[in-house]
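**Student:** For reference, the structure I am asking about is given below.
The values are calculated or read from the model by the stated rules, or taken from the named source; none is laboratory data. Computed from a prediction, not measured in an experiment: that's the story for all the values here. With ideal geometry, Cβ positions are generated from the backbone for all residues, glycine too; neighbour counts draw on all protein chains shown. Areas reflect the complete protein model, heavy atoms only, side chains present, ligands, DNA and RNA absent. Shrake-Rupley method; radii C 1.70, N 1.55, O 1.52, S 1.80 Å.
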Amino acid sequence: MPLSAQSLTYPKAERGTVADVQFGEAVADPYRWLENDVRQDPKVREWVTAENAVTDGYLKTLPGRTAIAQRLKALWNYERFGLPRKSGGRYFYTRNTGLQNQAVLYVRDTLDGTPRLLIDPNLWAKDGATALSDWNPSEDGRRIVYSIQDGGTDWRTLKVLDVDTGKVMTDEIKFVKNSNGSWAKGGSGFYYSRFPEPAAGDTFQAVNLNSKLYFHRIGTPQSADRLVYETPAQPKWGHYGAVTDDGRWLVIYTSEGTDPRNDVSVVDLSKPGAAPRALFTGMKNNWSVAGNEGADFWFVTDLDAPRLRVVKVDIARAVPVVTPVIAEDKATLQGAGIVGGRLVAEYLVDAKSEIRIHALDGKPVRTVALPGIGSVGGFGGKQDDSETFFAFTSFNTPGAVYRYDIASGKTTPWAMPKVAFDPADYVVEQRFYPSKDGTRVPLFVVHKKGLKLDGGAPTMLYAYGGFNVSMTPSFSPANLAWMDMGGVYAQASLRGGGEYGNAWHDGGRLANKQNVFDDFIAAGEYLIAQGITTKDKLAIRGGSNGGLLVGAVVNQRPDLFAAALPAVGVMDMLRFDRFTAGRYWTDDYGYPAKEADFRVLRAYSPYHNIAENKRYPAVLVTTADTDDRVVPGHSFKYTAALQAADVGDRPHLIRIETRAGHGSGKPTDKIIEEYTDLWAFAGKWTGLTTAAEGAIAAR
């Protein structure tokens, strides 16, 4: 039998007297000491160890864990392929046989040639927590620059592989974030961005400032790399460089935050020593190169187009003139690129993918026939390629890779996963519901065929709601396991995302952030009103900004949910900008140091708004010791405050992973272990695991 919540004894967390006076208000921060790095502070390390002991002890008592773990392992055990990249006639791609902790990089010398293993990151660490991150082959396909991620950190180390020999070269670049190498024509070297080396002890917490763009020549040490671009007077500006397919231009993107607003500069690489030339300044709009022919550039932009459009710019002119090519549409343009002399444009139509092919003058050619309603990624490649590849996925369909012939429009399967379930056994439907202010919000509802919803089924509601990120259909073995247990999976596309362009994003950020919480609460109320679930059977989950979402709505409507799973959440909205990448997020959240923003942030910050004397749902917080994007101190402080508050007798626990970060690079075995705990916990408090073992065993 599970331990009762009343029998749980939470670790003692010393309550300090720290308080900051902000705009006339004394804001208490009693658990400030939990912001310290667990590697550096023995007191924090002791608290983490004690919390994990309590959580592990409780989780081991929950019913259905063995069956859940077995089903998750079976569902995860299918062959997965990454999108091929073609260079020098070779095809590079990743593959995971099923339960490998990390995907492996392969190459084929022809489309259907024999695969040859190039990089197996599973050999890098005994615990499987060192991952192959980004990688990029040179134009001739002879070399690959790739990045290594260790223990979940956002820091990367770049290396170079000789494809012909399979040997790792001597080149090594350290302290890289959010950048992979972009090769110069001829393969002499590559461009990359990096931050200065952090001070000792601050590697995982210091604010990331002073990004610089460098050129690395193959065979030379990092200390010899040539500085290409920096803005020392603007330490918050970040820079990213990309070489055009013809090798003539280096395009430099400069931005400050997470908003899709950037400056663009270009360097004419055909002229040795040429200085960067600014094209678009002021960070007023989104500019992304789709391709070029000489000095004629095609850009995707939101200039005079909140849902984006494609324009053409002759950069040889002293003052660039913007010429419309593909007009703004009712659908939201996600991106575009030139492949095989055609513009391939990806749109979202009510949170579902649609691909349209245009001539370079914007004339429509065709719409790509997709396998169904879902999400598409890919359609990359060189401008003179005759083929491209794309992946298609949906809630009941794992990522399948297709080859697309640009000239004929013919689509052929390239890698089709074989899975241990029948996609036809699951129902996928899209609904729309009204939010508090009447706004129409998309909601996907997925469940096993034949599941009766009239009495209310245990339901997992997931959302994100921020940073212009669109929530579209995607496959997750974990969600399938939840449905196999007899549950419903629901995914809402809240304001703050990018589903309907800039207006949708703007409607859920800064002073409008409460709309996101209202949208999520309304989704729960809709699911209950429709008889899909009940308050006692509704669980909510979200990660990062979605973790903030879960923490905020639990404070505002603790009566609406049975269980809550906030993952790696931004929980202290008054200090988020003081750590690592947090200073980027002011575009969505605002500045805690500005009074108007402070008032908004103070009103919903999960850490500061725990409601005493209310009955909270069961809460299982998840984070990781090496999360240097949303530092774990957010979750530590929130959990300590929650455990100290009078918020009912349900368990309020935290699960702290070691040698893991914000999510990327996490090994498969750790992912399965985490979902086993999450589903057992949520299942216990929604009534799902009562029949979980029987439901799964009956398969």
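**Student:** When the range 553-566 is examined, which residues are found to be more than 14 Å from His608 (Cβ to Cβ) and either out of contact with any strand residue (DSSP E or B) (no Cβ under 8 Å at 6 or more places or on another chain) or surrounded by fewer than 24 Cβ atoms within 10 Å (Cβ to Cβ) (or both)?
**Tutor:** Arg557, Pro558, Asp559, Leu560, Ala562
**Student:** For the range 259-277, name all the residues that are closer than 13 Å to His239 by Cα and open to solvent by less than 60 Å² (accessible area, probe 1.4 Å).
**Tutor:** From the range 259-277, those closer than 13 Å to His239 by Cα are 261-266, 276; that's our starting set.
Those that are closer than 13 Å to His239 by Cα and open to solvent by less than 60 Å² (accessible area, probe 1.4 Å): Asn262, Asp263, Val264, Ser265, Val266, Pro276.
**Student:** Pairs needed: first member in the range 145-166, at positive phi; second member anywhere, surrounded by fewer than 21 Cβ atoms within 10 Å (Cβ to Cβ); C-beta distance under 6 Å; at least 6 residues apart or different chains.
**Tutor:** So the pair list comes out as Gly151/Arg659.
**Student:** Test of understanding: among Val621, Val631, which residue is part of a strand (DSSP E or B), of a type in the set (A, V, I, L, M), at pLDDT 95 or above and over 27 Å from Ala74 (Cβ atoms)?
**Tutor:** Of Val621, Val631, the one residue that is part of a strand (DSSP E or B), of a type in the set (A, V, I, L, M), at pLDDT 95 or above and over 27 Å from Ala74 (Cβ atoms) is Val621.
**Student:** If you scan the range 226-256, which residues turn out to be open to solvent by 20 Å² or more (accessible area, probe 1.4 Å), over 29 Å from Asp384 (Cβ atoms) and touching a residue at least 40 places away in the same chain (Cβ under 8 Å)?
**Tutor:** Lys236, Glu256
**Student:** Filter the range 635-647 for residues that are over 13 Å from Glu51 (Cα atoms) and open to solvent by 10 Å² or more (accessible area, probe 1.4 Å); which is farthest from the chain's Cα centre (by Cα)?
**Tutor:** Step by step, filter the range 635-647, then rank; the result is Asp646.
**Student:** Tell me which residues, restricted to the range 437-493, are aromatic (Phe, Trp, Tyr), closer than 30 Å to Asn512 by Cα and open to solvent by 10 Å² or more (accessible area, probe 1.4 Å).
**Tutor:** Those that are aromatic (Phe, Trp, Tyr), closer than 30 Å to Asn512 by Cα and open to solvent by 10 Å² or more (accessible area, probe 1.4 Å): Tyr462, Tyr464, Phe467.
**Student:** Which condition breaks for Pro324 when tested against (1) open to solvent by less than 20 Å² (accessible area, probe 1.4 Å); (2) over 30 Å from the mean Cα position of the chain (by Cα); (3) closer than 30 Å to Arg509 by Cβ; (4) not small (Gly, Ala, Ser)?
**Tutor:** If we test Pro324 against (1) open to solvent by less than 20 Å² (accessible area, probe 1.4 Å); (2) over 30 Å from the mean Cα position of the chain (by Cα); (3) closer than 30 Å to Arg509 by Cβ; (4) not small (Gly, Ala, Ser), just (1) comes out false.
**Student:** When the range 146-181 is examined, which residues are found to be within 23 Å of Arg629 (Cβ to Cβ), part of a strand (DSSP E or B) and out of contact with any helix residue (DSSP H, G or I) (no Cβ under 8 Å at 6 or more places or on another chain)?
**Tutor:** Hits for the range 146-181 are Tyr146, Ser147, Gln149, Asp150, Arg156, Thr157, Leu158, Lys159, Phe175, Val176.
**Student:** Looking at the range 188-202 only, could you name the residues that are without any contact (Cβ under 8 Å) to a residue 40 or more places away in the chain, within 24 Å of Ile252 (Cα to Cα) and either surrounded by fewer than 22 Cβ atoms within 10 Å (Cβ to Cβ) or among the polar types (S, T, N, Q) (or both)?
**Tutor:** Of everything in the range 188-202, those that are without any contact (Cβ under 8 Å) to a residue 40 or more places away in the chain, within 24 Å of Ile252 (Cα to Cα) and either surrounded by fewer than 22 Cβ atoms within 10 Å (Cβ to Cβ) or among the polar types (S, T, N, Q) (or both) turn out to be Ser188, Phe195, Pro196, Glu197.
A quick yes/no check of all residues on (1) in contact with a Pro (Cβ under 7 Å, 6 or more places away or on another chain); (2) loosely packed, with under 14 Cβ neighbours inside 10 Å:
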position	(1), (2)
Ala336	no, no
Arg342	no, no
Ala369	no, yes
Phe379	no, no
Asp384	no, yes
Pro398	yes, no
Thr411	no, no
Glu429	no, yes
Ser435	no, no
